[in-house]
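See structure below.
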Amino acid sequence: MRTRPLKVALLGCGVVGSEVARIMTTHADDLAARIGAPVELAGVAVRRPSKMREGIDPALVTTDATALVKRGDIDVVVEVIGGIEPARALITTAFEHGASVVSANKALLAQDGAALHALAEEQGRDLYYEAAVAGAIPLIRPLRESLAGDKVNRVLGIVNGTTNFILDKMDSTGAGYQEALDEATALGYAEADPTADVEGFDAAAKAAILAGIAFHTRVRLDDVYREGMTEVTAADFASATRMGCTIKLLAICERAADGGSVTARVHPAMIPLSHPLASVRGAYNAVFVESDAAGQLMFYGPGAGGAPTASAVLGDLVAVCRNKLSGATGPGDSAYTQLPVSPMGEVVTRYHISLDVADKPGVLAQVATVFAEHGVSIDTVRQQGRQDGGGEASLVVVTHRASDASLNGTVEALRNLDTVRGVASIMRVEGE
Ligand code: HSE
């Protein structure tokens, strides 16, 4: 084994960074044996130097992250500060000064992955980011390496733990969105500002990364259709239960049936209770991958948290260090298919639509005609009269597969019918 250590600079020492440092120390001998050389924490860049950091030599701590990545003797920079800047500038500088990079930064990779990969390749460095998608769950490496000989057609997953916790709570207790969010906040699952999670931005960044790798094409954050889950109600869960379904916030990346394009989207959807993703509870994540030869694969585990995310970072660190020692680089960007990303209107799926309608003769026929006029085929209809004597009924229509554009046209026309008092909810049905 080489005795001269490989030097690691850690950018960020919060929930994930402190776990990375701890595991580097406690597992030092095993890491050295697996890599073929010791790894040494050579510097830790933080914003608040006065904060006590157990197990970290204060002499290693600096507020000057730029100087740290410019040192020239750093082999690997581990970036766990998140956000676009200064992370992007620091990673760029690290590549230019001889270091490879391990990052957990989904927002940056979803936005600027192509440019960062190009720079890494130009400079002969590695850029690894297993921790950017679904915490500890191995996904990037299986897609990039284990399935490199296969053809992935679909990636369908729960990639945000906060929203899964909230939806699971609503499902199991009948709670409304706000009540479930309050509990998630009290238990530390949801951030004080939960927007990134509940509005689907976090999941959309992960979907962009997964789609790009799965289909060997370029998918940016802006290409991902996104709907959050703040509008999901207890009534939606009651409808889902009646259909033998539950509701999950799903990231769905698909290759079109003709193979000529891809789509990527994040939105709440009903899935049958018999689907493996329906049993993913609490803050766990799971991703279902469908490919030509392997068939259906499911990856499951903790999608967030200090130690689980650090596990993914450390796995990348070992791989990058091994590459350094062998003088090679690992697999880089692979966007050779250049498949275009189709707009949401072209996505084809099933829909569950709940309408408030006048309870009188001919209404059902009127509604059915609107669906037919837009080429949307109805699978089932269920009508329930209201007991309040107001002459209204709830009409629940479940469609066969139709394009999002056709469905939107249908709903717009339904809203213009005098007999349709309101569209209570529209939910896609997936996983069948
Ligand atoms: N906030 C994310 C989640 C974890 O709730 O899953 C980091 O991506």
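Quick notes
- Residue in the range 281-300 that is farther than 30 Å from Ile74 by Cβ, in contact with an Asp or Glu (Cβ under 8 Å, 6 or more places away or on another chain), without any contact (Cβ under 8 Å) to a residue 12 or more places away in the chain and not in a helix (DSSP H, G or I) present: yes
- Residue match in the range 97-107 (condition: open to solvent by less than 40 Å² (accessible area, probe 1.4 Å), part of a loop (DSSP other than H, G, I, E, B), within 16 Å of the ligand (Cβ to nearest atom) and under 20 Å from Asp75 (Cβ atoms)): yes
- Ala319 falls short on exactly one of the conditions (1) modelled with pLDDT of 95 or more; (2) farther than 30 Å from Ser100 by Cβ, and that condition is (2).
- Residue match in the range 321-332 (condition: closer than 28 Å to Asp223 by Cα, of a type in the set (S, T, N, Q) and either open to solvent by less than 40 Å² (accessible area, probe 1.4 Å) or out of contact with any Cys (no Cβ under 6 Å at 6 or more places or on another chain) (or both)): no
- Among residues of the range 271-290 being among the small types (Gly, Ala, Ser) and either open to solvent by 10 Å² or more (accessible area, probe 1.4 Å) or at pLDDT below 95 (or both), the one that is farthest from the ligand (Cβ to nearest atom) is Ser274.
- With respect to the conditions (1) open to solvent by less than 70 Å² (accessible area, probe 1.4 Å); (2) not in a helix (DSSP H, G or I), Glu85 lacks only one, and its number is (1).
- Flag for Ala205 being among the small types (Gly, Ala, Ser), within 16 Å of the ligand (Cβ to nearest atom) and open to solvent by less than 20 Å² (accessible area, probe 1.4 Å): yes
- Residue match in the range 168-184 (condition: in contact with a helix residue (DSSP H, G or I) (Cβ under 6 Å, 6 or more places away or on another chain), among the β-branched types (Val, Ile, Thr) and more than 16 Å from the ligand (Cβ to nearest atom)): no
- So Ala110, is it in contact with a Leu (Cβ under 7 Å, 6 or more places away or on another chain), small (Gly, Ala, Ser), under 14 Å from Ile209 (Cα atoms) and not assigned by TED's automatic domain parsing to the domain that holds Ala208: yes
- Residue check, Gly12 open to solvent by less than 20 Å² (accessible area, probe 1.4 Å) and either among the acidic types (Asp, Glu) or on the phi > 0 side of the Ramachandran plot (or both): yes
- Residue that is over 30 Å from Asp64 (Cβ atoms) and more than 17 Å from the chain's Cα centre (by Cα), where the choices are Ser146, Ser100: Ser146
- Note on the range 222-235: residues that are open to solvent by 50 Å² or more (accessible area, probe 1.4 Å) and modelled with pLDDT of 95 or more total 7.
- Members of the range 173-202 found to be part of a helix (DSSP H, G or I) and in contact (Cβ under 8 Å) with a residue 24 or more places away in the chain, listed by number: Tyr177, Asp197, Val198, Phe201, Asp202
- Looking only at the range 238-253, and only at residues there that are crowded, with 22+ Cβ neighbours inside 10 Å and of a type in the set (A, V, I, L, M, F, W, C), the one that is nearest to the chain's Cα centre (by Cα): Ala251
- Of the residues in the range 322-345, at least one is among the basic types (Lys, Arg) and in a helix (DSSP H, G or I).
The values are calculated or read from the model by the stated rules, or taken from the named source; none is laboratory data. Predicted model only: the values in this text are computed from it and were never measured. Counting neighbours? That spans all protein chains shown, and the Cβs are built from the backbone with ideal geometry, glycine included. The area values use the complete protein model at the heavy-atom level, side chains included, leaving out ligands, DNA and RNA. Shrake-Rupley method; radii C 1.70, N 1.55, O 1.52, S 1.80 Å.
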